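Here the structure is laid out as C-alpha cells; the discussion comes afterwards.
The values are calculated or read from the model by the stated rules, or taken from the named source; none is laboratory data. Note that the structure is a prediction, hence the values are computed from the model and not measured. FYI the Cβ positions are ideal-geometry reconstructions off the backbone, even for glycines, and counts take in every protein chain you see. Keep in mind that these areas ignore ligands, DNA and RNA; they rest on the heavy atoms of the full protein, side chains included. Shrake-Rupley method; radii C 1.70, N 1.55, O 1.52, S 1.80 Å.
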Amino acid sequence: MNDTPVHVTSQSETDRISVELSSRRTGMSFQRTRMAADRTLMAVIRTSLSLIGFGFTIFQVFQRLYEAKVLQRGQAPRNFGMALVLLGITMLVLGIVYHGQFMLELRRQRQQMRADGLVHGESRFPVSMTLIVAVLLLLVGLLAIVSMVFSVGPFG
C-alpha cells in the first residue's frame, strides 16, 4: 500500500484558480497594450522628427544660398522646407491626440473590467515618457516654424 497522501482538488477550487490566472493574464494584457501604444507613438515621433529636421535643413540651406546671392530665387525650396516642417508638426499633433484618446479608452475599459471583477486592483501607470518627448518635440517644431516664417526665435 502506498502511504503518499493524495491531494484532491475540488472543481470549485480548480475554477477559482483558473479565474485567478485569467484575471492576472488580462491585467498584464493591459500593460502590453499600453506599451504597444507607446511604441506606436515612438514611430510617429521618429517620422515627425525626420520631417521637421529635413524640412528645417532644406529651408536653412536655401535661405542661406539666397542671402549669399548664389540663388536668384529661393522661394520654392524654402516653401518645400516649410511644408515638410508643417507636415511633421501636423503628424505629431495627430499622433499625440490619437495616443491620448486610445489611452483614455484603455483606462475606461480597464475600470469597467475591474468593476465587473474581471481584473484585480488598479495597476498604476506612470506618465508616459514617450508622450512627454512627443510634446517637447512638438514645441521644438512650433519654434522652428515660427523661426522660419517670422525670422525670429532661437532658430532664426
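Summary table
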{"item": "Out of THR130, THR90, THR57, sole residue that is more than 24 Å from the chain's Cα centre (by Cα) and of a type in the set (Ser, Thr, Tyr)", "result": "THR57"}
{"item": "Tally, over the stretch 34-82, of residues that are open to solvent by 70 Å² or more (accessible area, probe 1.4 Å) and either charged (D, E, K, R) or on the phi > 0 side of the Ramachandran plot (or both)", "result": "6"}
{"item": "Residue check, SER48 modelled with pLDDT under 85 and either assigned to a helix (DSSP H, G or I) or of a type in the set (Ser, Thr, Tyr) (or both)", "result": "no"}
{"item": "Residue match in the stretch 138-154 (condition: touching an Asp or Glu at 6+ places or on another chain (Cβ under 7 Å) and assigned to a helix (DSSP H, G or I))", "result": "no"}
{"item": "Some residue of the stretch 106-122 being farther than 17 Å from SER29 by Cα, free of Cβ contacts under 8 Å to residues at least 24 places away in the same chain and either in a loop (DSSP other than H, G, I, E, B) or within 12 Å of the chain's Cα centre (by Cα) (or both)", "result": "no"}
{"item": "Residue count, the stretch 83-114 (criterion: under 16 Å from SER147 (Cα atoms) and exposed (fewer than 15 other Cβ atoms within 10 Å of the Cβ))", "result": "1"}
{"item": "Single unsatisfied condition, VAL119 versus (1) at pLDDT 85 or above; (2) closer than 30 Å to THR33 by Cα; (3) buried (at least 16 other Cβ atoms within 10 Å of the Cβ)", "result": "(1)"}
